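First comes the structure, then the notes that go with it.
The values are calculated or read from the model by the stated rules, or taken from the named source; none is laboratory data. Everything numeric in this text was worked out from a predicted model, so none of it was measured. Because the Cβ atoms are built from the backbone with ideal geometry, glycine has one as well, and the counts that use them run over all protein chains shown. Just so you know, the surface numbers come from the protein's heavy atoms only, side chains and all, with ligands and any DNA or RNA stripped out. Shrake-Rupley method; radii C 1.70, N 1.55, O 1.52, S 1.80 Å.
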Amino acid sequence: MVTFSNSKINVNITVDLKLPTGWEDLTDKQLRSVYGMIAYGMSSAKLKAYCLFNWSNLKILHKYGNDWFCKHGKQKFILTAEQVEQATHALDWLENVPSMPVRISRIGKHRAVKADFEGVPFETFIVCDNLYQGYLATKQDNLLDEMAAHLYESDDIKLCDKERVSVFYWFASLKGLFAKVFKHFFQPIDTASGADGNMIEHSGSQYELLQNAVNAQIRALTKGDVTKEQQVLSLDTWRALTELDCQAREYEELERKYPMK
């Protein structure tokens, strides 16, 4: 909730604006609006100001010098630029990738898989992660389109720019969640390798390291039996990552007990 007071017209006026408090509160329509502004390249300040007015039903009637004559419900009042800027801080969370996965639930007739990948096959995660890492390295939009085909389970889905932004934000927030939950598997890469990032954000060399790590863990899960690979890929993503995380933790414990010289 945002409160305006001490208006130039009436010093006793108070206007309470109810706003979303996080990405998870946004509807598909609101997500589309935000992603559209991001795709357009709108500055953070303008994006938040637009959302402030649009989501709170706060209407600008006309300019009043350097300020704005506004209406909310039956109330009319003047807002200064400083008041608007202060109010937009309630939407500072829009400047960051969502802390929990959110996505546009439907694009055309195509419905998305669960935002947190619960119940989604591990193979889908691996394929999407490959495409996501490729996009980070190349910024080629067709890789986001390919991701959407898996995320919305449709080969004929067509994306506009705002929907591509949605796909990117969705998977980035998913990787952020997994990094918190499965911290042993999704951990900083050995600095001795020369890489200066982690498995979430990467350089080209980190991408190769991630692929090698995933392949190694799949081999470990199958215990070298290639006939079980499809069974592993069909596992629920959370179940597979739980196993991978446990193996990574066990490996860390072995390294601590028996450090390599």
Rounded accessible area per residue of the range 73-198, 1.4 Å, Å² | 48
Using amide H atoms built 1.01 Å from N in the peptide plane, name the residues 5+ places from ILE78, or on other chains, whose amide H lies under 5 Å from its own.
-> LYS8, ILE9, ASN10, CYS70
Pull up the cross-link candidates among the lysines for LYS139, meaning alpha carbon to alpha carbon under 19 Å and not fewer than 8 places away within one chain.
-> LYS158, LYS162, LYS175
Using a 1.4 angstrom probe on heavy atoms only, work out the carbon and sulfur share of the accessible area of the range 1-158 in %.
-> 49
When the distances between all Cα atoms of the range 91-132 are binned every 10 Å from zero, what whole-number percent does each bin get?
-> 22, 45, 29, 4
For the range 118-134 and the range 22-87, distance of Cα centres in Å = 36
The range 24-159: radius of gyration over Cα atoms, expressed as a fraction of 2.2 N^0.38 Å = 1.34
So the FRET efficiency between VAL127 and LYS257, C-beta based with R0 = 22 Å and rounded to 0.05, is 0.05
